[in-house]
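This report refers to the structure that appears directly beneath it.
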Amino acid sequence: MIQDYLQTSFGYTDFQIEQIRYTVVSLFSEISKLFIMGIFFTMTHHLPQYLTAILVLLILRTCTGGLHFKHYSSCLLVSFLIFYLGICQLPSLSFPKPAYFVLLLVCMMIHYLFAPVVSSYRPIPNGIQVRKSKQQAFTIITAYALVMFIVPFNQYTIAGFWIIQLQSLQLIVAKILKRRSIS
């Protein structure tokens, strides 16, 4: 019914309709996961940190990619684990201020070496796209380091810091898994 309407009214091919369907399902899937996790972080009084973490991860992950799962439940579980660790557990670790910047520098190197890692459902990026991804990651992490330098450390900057660390770690894991599946 919708497919017929799109084909007759706009001339979309079956392939284009499948692309639209994939996009809509992906968006609903991502929004539902964010909502489910949002309920948890609201109930645990961590909603502002969660929103900060979403913003940081969204900006970084859209240009670098990372782990991708075929099943909703495994994606939800790993996503929740990353947010839970980055918001509720890891911020209790405290380092001297320079150590945070050294760790962000390590993240820049990790993103330079391993980004991007795209889903198997997306086309393999060409050299220009890879270079752009690496430059964007460098710019994003540098900007975050500047924010951490200017803004006094607080629960929001620390949550974002840990999300960058965890994104870097899962980028390494994603690259290793991708290499294993290819060989």
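Answer yes if at least one residue in segment 102-111 is within 12 Å of the chain's Cα centre (by Cα), surrounded by 14 or more Cβ atoms within 10 Å (Cβ to Cβ) and more than 20 Å from THR23 (Cα to Cα), and no otherwise. Don't jump to the end; show me each part of the working.
Residues of segment 102-111 within 12 Å of the chain's Cα centre (by Cα): none.
Scanning segment 102-111, I find no residue that is within 12 Å of the chain's Cα centre (by Cα), surrounded by 14 or more Cβ atoms within 10 Å (Cβ to Cβ) and more than 20 Å from THR23 (Cα to Cα), so the answer is no.
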Scanning for something at pLDDT below 95, loosely packed, with under 15 Cβ neighbours inside 10 Å, touching a helix residue (DSSP H, G or I) at 6+ places or on another chain (Cβ under 8 Å) and not small (Gly, Ala, Ser), does segment 63-77 turn up at least one residue? yes
Exactly one of (1) open to solvent by 30 Å² or more (accessible area, probe 1.4 Å); (2) at pLDDT 95 or above; (3) β-branched (Val, Ile, Thr) is unmet by VAL130. Its number? (2)
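Looking at the structure I just gave you, is ALA159 touching a helix residue (DSSP H, G or I) at 6+ places or on another chain (Cβ under 7 Å), among the small types (Gly, Ala, Ser), in a helix (DSSP H, G or I) and surrounded by 11 or more Cβ atoms within 10 Å (Cβ to Cβ)?
Values: touching a helix residue (DSSP H, G or I) at 6+ places or on another chain (Cβ under 7 Å): yes; among the small types (Gly, Ala, Ser): yes; in a helix (DSSP H, G or I): yes; surrounded by 11 or more Cβ atoms within 10 Å (Cβ to Cβ): yes.
Yes.
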Of the residues in segment 15-40, those that are closer than 15 Å to ARG122 by Cα and acidic (Asp, Glu) come to GLU18
Considering only residues that are exposed (fewer than 13 other Cβ atoms within 10 Å of the Cβ), at pLDDT 85 or above and either touching a strand residue (DSSP E or B) at 6+ places or on another chain (Cβ under 6 Å) or aromatic (Phe, Trp, Tyr) (or both), which ones fall in segment 10-42? PHE28, PHE35
Exactly one condition in (1) of a type outside the set (Ser, Thr, Tyr); (2) in contact with a Gly (Cβ under 8 Å, 6 or more places away or on another chain); (3) open to solvent by 80 Å² or more (accessible area, probe 1.4 Å) is not met by VAL118; state its number. (3)
Please work out if ILE140 is assigned to a helix (DSSP H, G or I) and open to solvent by 70 Å² or more (accessible area, probe 1.4 Å). no
For segment 49-66, check the following and say yes or no: at least one residue is over 22 Å from THR157 (Cβ atoms) and among the aromatic types (Phe, Trp, Tyr). no
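The values are calculated or read from the model by the stated rules, or taken from the named source; none is laboratory data. This one's a predicted model, so the numbers in the text were calculated from it and none came from an experiment. Using ideal geometry, Cβ is built from the backbone for each residue, glycine included, and neighbour counts are taken over all protein chains shown. Calculation scope for accessible area: heavy atoms of the full protein, side chains included, ligands and nucleic acids excluded. Shrake-Rupley method; radii C 1.70, N 1.55, O 1.52, S 1.80 Å.
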